[in-house]
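Q: Below are the structure tokens for one structure; questions will follow.
Derivation of every value follows stated rules applied to the coordinates shown; laboratory data play no part. Please read all numbers here as calculations on a predicted model, not as lab measurements. Note that each Cβ is placed from the backbone with ideal geometry, even for glycine, and that neighbours are counted across all protein chains shown.
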Amino acid sequence: MMIRSIRRLTAAILAGTLLLALTACGSKTNDTATQLAMTVNGHEVEVGVYAANYLYGKASIENMMYQYGVTDLWDSELGDSYKSQLGEIAQNQTAALYLVPDQFDAAGLTLTDEDLSRIGEMDPSMKEMGFTDSLFDQVSRYFLMQEQLEEYYFGEGGAMAPDDAEIESYFQENYMRAKHILISTRDENNQPLTDEAALAEIERKAQSVYQRAVAGEDFDTLIQEFGEDPGMSANPDGYQFTEGDMVAEFQDATKALAENTISAPVQSDYGWHIIQRLPLRAEDRPAVYSSIVTALTGMDMDSLLNQWVNEAEITTEAVLSEITFDNAASYTYHVS
């Protein structure tokens, strides 16, 4: 959970932005922060590094939950659950900061001047979490290295990636592309209609539109005239999807169609779907490449990072047990 949620903020780190800041801290030097916190494969890690990662993990969770409209996270049962995980989150993320550069060097990779030019200015919110300039630089390089390692292991021709023939075979066997005309059976509040007469009229309309489609009328024109799925406007070339991406009725009906054919109306909780199955396109495969690699190998960069952490020789000092949700800021390099 930890490495996956932290990685989502890679772009924010490199751009020097973070949506949620913590309580501001001053610039007083904190001697506790320079004490030994843990050792990771021989790398000695100071308390201030761990504390900054603790607060960064906290902010990452806040940011993630804020996207779902949760504004009182830490006063909820869910917040209590996250609080209990923050120590492990911080320990694992701190370990990863040292393990990734080691793996990067072992792979014979390097950061170019162009790579390093992507590192932005440190946002004030990160300084408030206890990030020094050198720690910010270390974290920024970590994310850049991680990107290269992901390509090295899982990119095309990567050390852990299947060959192109396997990728293409999986793509052809497991992905579909389709457009549809949705005749909705929901009201303006997105609630299911219950009036039997109205539902019967909607079904008759769906059958009528279907007859026009199989008679040769332009399918895109019928979508524009009758379609009630707003997603089709954003996906004019159709949806590309695999098992579990769509409601079962839509998925199963598409799977049963030959390419370039149209289904009779298919009912789901959303309404009646008139589906046109389309051929897969080679230019769409890159968008799902990573998902295919994960499906075939059972691995991705997140799981590899977790594997490195689990295999590392990590020792911790007693001071880590003193750092809690309420006092972590007092263990950073700068305290108020």
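Every residue, every condition in (1) surrounded by 14 or more Cβ atoms within 10 Å (Cβ to Cβ); (2) closer than 25 Å to Gly130 by Cβ, yes or no:
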{"site": "Ala282", "(1), (2)": "no, no"}
{"site": "Val293", "(1), (2)": "yes, no"}
{"site": "Thr297", "(1), (2)": "yes, no"}
{"site": "Met301", "(1), (2)": "yes, no"}
{"site": "Gln307", "(1), (2)": "no, no"}
{"site": "Leu320", "(1), (2)": "yes, yes"}
{"site": "Asp326", "(1), (2)": "no, yes"}
{"site": "Ser330", "(1), (2)": "yes, yes"}
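Q: Working only within the stretch 176-228, note down all residues that are charged (D, E, K, R), touching a strand residue (DSSP E or B) at 6+ places or on another chain (Cβ under 7 Å) and over 22 Å from Asp252 (Cα atoms).
A: Of everything in the stretch 176-228, just one residue is charged (D, E, K, R), touching a strand residue (DSSP E or B) at 6+ places or on another chain (Cβ under 7 Å) and over 22 Å from Asp252 (Cα atoms), namely Lys205.
Q: Can you tell me which condition Ala287 does not meet? The list is (1) surrounded by 12 or more Cβ atoms within 10 Å (Cβ to Cβ); (2) of a type in the set (A, V, I, L, M); (3) out of contact with any Lys or Arg (no Cβ under 7 Å at 6 or more places or on another chain), and all the others hold.
A: Result: Ala287 fails condition (1) only.
Q: How many residues are of a type in the set (Phe, Trp, Tyr) and closer than 30 Å to Leu222 by Cβ when one looks only at the stretch 146-185?
A: Qualifying residue count for the region: 2.
Q: Continuing with this model, one more query. Filter the stretch 268-293 down to the residues that are polar (S, T, N, Q) and without any contact (Cβ under 8 Å) to a residue 24 or more places away in the chain and list them by number.
A: Scanning the stretch 268-293 gives a single hit, Ser268.
Q: Run Tyr152 past the list (1) out of contact with any helix residue (DSSP H, G or I) (no Cβ under 8 Å at 6 or more places or on another chain); (2) under 26 Å from Asn235 (Cα atoms); (3) surrounded by 18 or more Cβ atoms within 10 Å (Cβ to Cβ) and report the number of the one that doesn't hold.
A: (2)
Q: Take the stretch 127-171 and flag every residue that is polar (S, T, N, Q) and within 18 Å of Ser303 (Cβ to Cβ).
A: Gln146, Gln148
Q: How many of the residues making up the stretch 31-64 are of a type in the set (A, V, I, L, M) and part of a helix (DSSP H, G or I)?
A: 9
Q: While we're looking at this one, here's another question. Can you name every residue in the stretch 187-221 that is within 28 Å of Ala287 (Cα to Cα), in contact (Cβ under 8 Å) with a residue 24 or more places away in the chain and not acidic (Asp, Glu)?
A: Phe219 - this is the single residue of the stretch 187-221 that is within 28 Å of Ala287 (Cα to Cα), in contact (Cβ under 8 Å) with a residue 24 or more places away in the chain and not acidic (Asp, Glu).
Q: Scan the stretch 180-216 for residues that are more than 39 Å from the chain's Cα centre (by Cα) and either surrounded by 13 or more Cβ atoms within 10 Å (Cβ to Cβ) or part of a helix (DSSP H, G or I) (or both) and jot them down.
A: Glu196, Ala197, Ala198, Ala200, Glu201, Arg204, Lys205, Gln207, Ser208, Gln211, Arg212, Val214
Q: Taking the criterion of being crowded, with 19+ Cβ neighbours inside 10 Å, more than 24 Å from Leu55 (Cβ to Cβ) and touching a helix residue (DSSP H, G or I) at 6+ places or on another chain (Cβ under 7 Å), would at least one residue in the stretch 125-133 satisfy it?
A: Scanning the stretch 125-133, I find no residue that is crowded, with 19+ Cβ neighbours inside 10 Å, more than 24 Å from Leu55 (Cβ to Cβ) and touching a helix residue (DSSP H, G or I) at 6+ places or on another chain (Cβ under 7 Å), so the answer is no.
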